[in-house]
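The values are calculated or read from the model by the stated rules, or taken from the named source; none is laboratory data. Keep in mind that what you see is a predicted model, and the values were worked out from it rather than measured. Neighbour counts are summed over all protein chains in view; Cβ atoms, including those assigned to glycine, are modelled from backbone coordinates with ideal geometry. Each accessible area value is taken on the protein alone, full model and side chains, heavy atoms only, with ligands, DNA and RNA left out. Shrake-Rupley method; radii C 1.70, N 1.55, O 1.52, S 1.80 Å.
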There are 2 protein chains.
Amino acid sequence: MYRKEFMAMANEEAKANVNGSDGGPFGCVIIKDGKVVSRAHNQVLVDHDPTAHGEITAIRKAGQALGTHDLTGCELYTSAMPCPMCLSAIIWANIKQVYYGNTADDAAAIGFRDAAIYDFINAGLKGDMLALTQHDRELTIGAFKDYQSAQKKLY
Amino acid sequence: MYRKEFMAMANEEAKANVNGSDGGPFGCVIIKDGKVVSRAHNQVLVDHDPTAHGEITAIRKAGQALGTHDLTGCELYTSAMPCPMCLSAIIWANIKQVYYGNTADDAAAIGFRDAAIYDFINAGLKGDMLALTQHDRELTIGAFKDYQSAQKKLY
């Protein structure tokens, strides 16, 4: 169930970057059983890490706090609609509920590319954003087959 | 221009996880000006980090090596088609060329969810994979407006 106090906390994280210079104005809080597991903001600039969005940083911290890559049972509050990177990270983490404040259009309005990346994916990865070409599958398929044969963990 | 030696290197990283237990059978190499900037494999299990896919880990290492979040001019070799998280991270990093070995169908065939996440995004985020609900935009929009007013960096 949505609780405004946690959105206010995510917003405080976002505001920290308006006054500071760690990265963009995006903050995130992860909750489990009504308690804060982690809180974080975008650290792309300070960490030299283009993946350090607020949600990714909060997920990493939550994984450390709980000692697992599996955040089943957690809820995520974010000050803005997740970009496709963060949305997918949330799914990989097995989080099932996201509450967000600002929309993807709001992010586009101040110049961020979230909506454009969704458009690229929805267009079937066609366009000039990124070129992807497939090569030498016969070289790489062995690792997949061997992993499957070893019945290793899927996540 | 594609060079098989770098795909072989990405494949060696992937194979390290067939023999070891850091995470899934996925490896990645980032190249700039014909030289290796970083190489990495999936570390989801060992790092308790659901975001530590091969591509993400390689991007983080490249950011550290080059001292910037902007990997313009780099090319990325990955042993398998990037999932939507990694695809978006590559775009955020300003990498423009990806060479991959195994396909998304190959990953699905051994049980990974890459293709299912693409399907969820392409379906307009409809389905039972994740619930996203929007709340309290009037609380969060201030950070966006203030960030824009301050003419801070976009990336």
Two-decimal Rg to Rh for segment A:88-155 - Kirkwood Rh, Cα set: 1.12
Rolling a 1.4 angstrom probe over the protein chains, ignoring ligands and nucleic acids, what is the accessible area of A:PHE144 in square angstrom, nearest 10? 0 Å²
Contact order normalised by length for segment B:2-148, with contacts defined as Cα pairs under 8 Å and 6 or more residues apart; what percent is it? 17 percent
Can you return the lysines within cross-link range of A:LYS126? Criterion is Cα-Cα under 25 Å, with same-chain partners fewer than 8 residues away left out. B:LYS4, B:LYS32, B:LYS96, B:LYS126
Once the cut-off is 15 Å, how many percent of the Cα-Cα pairs in segment A:1-75 end up in the long-distance tail? 52 percent
Given A:20-27, B:21-28, A:66-73, B:99-106, the highest-first ranking by average Cβ count within 10 Å works out to B:21-28, A:20-27, B:99-106, A:66-73
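Just the ratio, please: alpha-carbon radius of gyration of segment B:59-113 over 2.2 N^0.38 Å, N its number of residues.
That works out to 1.22 for segment B:59-113.
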Based solely on its DSSP helices, what 222 nm [θ] is calculated for chain A when runs of n ≥ 4 H residues each add -39,500 (n - 2.57) and the sum is averaged over all residues, nearest 500 deg cm²/dmol? -13000 deg cm²/dmol
If r is the Cβ-Cβ distance from B:VAL46 to A:ASN19 and R0 is 41 Å, what FRET efficiency results, to the nearest 0.05? 0.70
Here the Kirkwood hydrodynamic radius of segment B:2-148, Cα-based and in Å, equals 16.5 Å
Spin-label pair B:LYS35/A:ASP33, simplified geometry with 7 Å Cα→Cβ offset, distance in nm: 5.2 nm
Could the peptides A:29-42, B:48-61 be put in order, highest first, of the mean number of other beta-carbon atoms found within 10 Å of their residues? B:48-61, A:29-42
By DSSP, what percent of the beta bridges with both residues in chain A are antiparallel, rounded to the nearest 5? 70 percent
Checking an interface number: how much accessible area is buried between A and B, summed over both chains, with a 1.4 Å probe, in Å² rounded to 100? 8300 Å²
Fraction in percent of alpha-carbon pairs per bin - 20 Å, the protein assembly as shown: 36, 58, 6
Partner shielding of A:39-48, as the mean number of partner chain Cβ atoms within 10 Å, equals 3
The alpha-carbon center of segment B:13-76 and that of segment B:89-155 are separated, in whole Å, by 19 Å
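Between B:ARG137 and A:MET1, how high is the FRET efficiency from 1/(1 + (r/R0)^6) when r is the Cβ-Cβ distance and R₀ = 22 Å? Nearest 0.05.
Once the sixth-power term is evaluated, E becomes 0.70.
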